[in-house]
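Following: one structure in structure tokens, then a few remarks.
The values are calculated or read from the model by the stated rules, or taken from the named source; none is laboratory data. Nothing here was measured: the structure is a model prediction, and the numbers come from that model. Cβ atoms come from the backbone with ideal geometry, glycine included; neighbour counts cover every protein chain shown.
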Amino acid sequence: MASLQLSLRQRQALWGYAFLLLPLLFFLVVRIYPALSAFNVSLHQWDVMSVRKPFVGMQNFVQMWHDPVFWKAAVNTLLYVVISVPLELILGLLVAVAIQSVNRFQGFYRTIYFVPYITSTVAVSWVWRWMYFKNGGVFNQILLSLGLPAQSFLSGTEQALYCVTVVVVWQALGYFVVIFLAGLEMIPPMYKEAAKIDGATGWHVFRYITVPLLNPTIVFLAVLGTINSLQIFTQIMNMTSGGYGHGDLGGPLNSTLSLVVYIYSQAFYKFQMGYASAITVVLFAIILVVTLIQLKVLSRRVDY
């Protein structure tokens, strides 16, 4: 009987490893191998138009250090993260708390907020681009009807990045709301009830009960939102690239250029795969370091 049970456990373990093998192979082929290949390519002068791909060592990284466009893209990417992630967290939590507080049509409100997230990002970007048009755009039509001057929005270097960020936050908000709602549902109501019996106000309950117990959810969304913002690409390519007479990716005048868009331009417009791979390696290192720092700094253990 013992040998039969052992055999059963062994078969269960084998099936478990078999089910894990496929996603592990997928991860190795799609994630690990390309990452290692990118590091290898970054050490070469990898011009796709040339047969020779000589080894250049750290030359691509030295070039990156002295490239003002790279630093412009890095600063822009940092701005996307610093602006969008806090807004997504704050607005997502506030909307989730508001939805949880209503007694009727919760499913309807969840759907309304979640629909933009599952809508094609390309379609969303082009609709917002049309609304941002300086001549005939919805927003400028509203401003003119109120007697206010029309704004440049995407066609000006001062406002373009913030206009793109608004779209990023608007589309991602539904996902943050749904995840926060799931986190709020996991908080035992007895904690809030006990706090209210002790005389705690609604703000005190939110500040000292709800937010601390939502820490795992906040950490997860902060990390995910940061990674997504560091890899922002589709909105920039569809809203600001190649338009308004500038013709450059991440325009106007690189004001919305992100690191991923710059990688794309170097790889598929200038065919400098070695330099593009070097930027990719740096971006991977940034994402890894920022993620580890967030997990270390934001994680809190709360006991009640």
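Scoring THR201 on the criteria (1) more than 15 Å from ASN76 (Cα to Cα); (2) under 10 Å from the mean Cα position of the chain (by Cα); (3) among the polar types (S, T, N, Q) leaves a single failure, condition (2). Residues that are at pLDDT below 90 and either assigned to a loop (DSSP other than H, G, I, E, B) or of a type outside the set (A, V, I, L, M, F, W, C) (or both) were ranked within region 254-293; the one that is surrounded by the most Cβ atoms within 10 Å (Cβ to Cβ) is GLN272. Across region 116-138, the number of residues qualifying as within 24 Å of PHE176 (Cβ to Cβ) and either in contact with a strand residue (DSSP E or B) (Cβ under 8 Å, 6 or more places away or on another chain) or not basic (Lys, Arg) (or both) comes to 15. Being loosely packed, with under 14 Cβ neighbours inside 10 Å, β-branched (Val, Ile, Thr) and more than 22 Å from ASN76 (Cα to Cα) is a description that applies to VAL297.
Yes/no matrix, rows are residues, columns are (1) in a helix (DSSP H, G or I); (2) under 24 Å from PHE284 (Cα atoms):
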| position | (1), (2) |
| --- | --- |
| THR165 | yes, yes |
| ALA172 | yes, yes |
| GLY183 | yes, no |
| ALA195 | yes, no |
| ALA200 | no, no |
| ARG207 | yes, no |
| VAL219 | yes, yes |
| ILE232 | no, yes |
| MET237 | yes, yes |
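Counted as qualifying within region 1-102 are the helices (runs of 4 or more DSSP H) with 3 or more residues that are surrounded by 11 or more Cβ atoms within 10 Å (Cβ to Cβ) and aromatic (Phe, Trp, Tyr), namely 68-101. Would you confirm whether or not region 215-226 contains a residue that is surrounded by 14 or more Cβ atoms within 10 Å (Cβ to Cβ) and either free of Cβ contacts under 8 Å to residues at least 24 places away in the same chain or in contact with a strand residue (DSSP E or B) (Cβ under 6 Å, 6 or more places away or on another chain) (or both)? For region 215-226, residues surrounded by 14 or more Cβ atoms within 10 Å (Cβ to Cβ) and either free of Cβ contacts under 8 Å to residues at least 24 places away in the same chain or in contact with a strand residue (DSSP E or B) (Cβ under 6 Å, 6 or more places away or on another chain) (or both): present. For region 113-156, the tally of residues that are touching a residue at least 40 places away in the same chain (Cβ under 8 Å), assigned to a helix (DSSP H, G or I) and surrounded by 12 or more Cβ atoms within 10 Å (Cβ to Cβ) stands at 14. Go through region 192-216 and give me each residue that's of a type in the set (Lys, Arg) and over 15 Å from ILE90 (Cα atoms). The answer is LYS192, LYS196.
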